[in-house]
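Chemist: Below is the structure I would like to discuss, written out as structure tokens.
Just so it is clear, none of the values below were taken in a lab; they were calculated from the coordinates. This structure is a prediction, so every number in the text was calculated from the model and none was measured. For neighbour counting, all protein chains shown are included, and Cβ atoms are generated from backbone atoms with ideal geometry for every residue, glycine included.
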Amino acid sequence: MGYPSRNGESKQMRKFSCYSCGLEGHTARFCPSRAPQRVKLNPTAQGNVITTTEPKKEYASTILTAKVNVPVEVAADVMELETVQVKLGSRTMTGIIDSGAQISVIREDFTSGIKYEGEGYIEISSAFRERETTPLRIFEMNIDDGVHGPVPVTCAVSKKLVSNLLLSTAA
């Protein structure tokens, strides 16, 4: 098989021969008969390791295998959620103390049948910018420690809140 030269004449392509096994079609560096060399790799470089194998005669395509390692970094200054047991009427629930919240938020299904004050509404927005217009109620809540008495807490009553109660440190 040839390729055209500058003057139009056909030149013969040079065939590669392996210096390791003597067969044509590959070089010694990629010789399938050579044992794979164990090389210690830097852990961050392992994400770029790609190995190939020669296709077997019955297959029409090359087999490509890749091992990808992605290092995962864990933030060192992430704080655990602070929670507190809170009594609302006869119900006890876990409240998450949310230092970034401007108002406390309680899930609607925990408030049915519970005495409250207030008749207003408030539009609240989640950290993901999801908005909800909710009733604004004042409930008598107790921290379930056996020491403190009931405290009036103003809460937005949400249908969408995932946790039972978010307690604002600001309100």
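Chemist: Which far-off residues, 5 or more places away or on another chain, put their amide H under 5 Å from the one on Asp98, with H placed in the peptide plane?
Modeler: Those lying under 5 Å, H to H, from Asp98 are Leu167, Ser168, Thr169.
Chemist: Residue-wise, which Karplus ³J(HN,Hα) couplings in Hz belong to the range 105-110, taking 6.51 cos²θ - 1.76 cosθ + 1.60, θ = phi - 60°, and x for glycine or proline?
Modeler: 10, 10, 6, 4, 5, 8
Chemist: Now for a separate question. Taking a ≥ b ≥ c as the square roots of the eigenvalues of the Cα gyration tensor of the range 69-171, is the shape rounded (a/c under 1.5), prolate (a/b larger than b/c) or oblate?
Modeler: Oblate.
Chemist: If you don't mind, another one. 7 Å from Cα along Cα→Cβ at both Asp109 and Asp144: what's the point-to-point distance in nm?
Modeler: 1.7 nm
Chemist: Tally Lys/Arg at +1 and Asp/Glu at -1 over every other residue whose Cβ is under 13 Å from the Cβ of Ile143; what's the total?
Modeler: Neighbourhood net charge equals -3.
Chemist: To continue, here is another question. Less than 9 Å Cβ to Cβ from Ser158, Lys/Arg counted +1 and Asp/Glu -1: what total charge do the surrounding residues give?
Modeler: +1
Chemist: Continuing with this model, one more query. Assuming 0.36 nm per residue, please report the length gained on full extension of the stretch Ser126 to Ile97 beyond their Cα-Cα distance.
Modeler: Numbers: separation 29, 0.36 × 29 = 10.44 nm, distance 1.53 nm.
Difference between extended and current length: 8.9 nm.
Chemist: Note down the net charge around Glu132, summing +1 for each Lys or Arg and -1 for each Asp or Glu among other residues with Cβ under 14 Å from its Cβ.
Modeler: Around Glu132, the surrounding residues sum to +2.
Chemist: Taking amide hydrogens as modeled 1.01 Å from N in the peptide plane, which residues meet the under 5 Å criterion relative to Met141, leaving out close sequence neighbours?
Modeler: Residues meeting the amide H criterion: Val151, Val153.
Chemist: How far apart, in nanometres, would the label points at Val70 and Glu117 be if each is projected 7 angstrom from Cα along the Cα-to-Cβ direction?
Modeler: Placing both labels 7 Å beyond Cα along the Cβ direction yields 5.3 nm.
Chemist: At Cys31 and Ser17, where each label point lies 7 Å from the Cα along Cα→Cβ, what is the point-to-point distance in nanometres?
Modeler: Taking the simple label geometry, Cys31 and Ser17 are separated by 1.3 nm.
Chemist: Once the piece of chain linking Glu80 and Thr169 is laid out straight, how much longer is it, given 0.36 nm per residue of separation minus the C-alpha distance between them?
Modeler: Additional length available on full extension: 30.4 nm.
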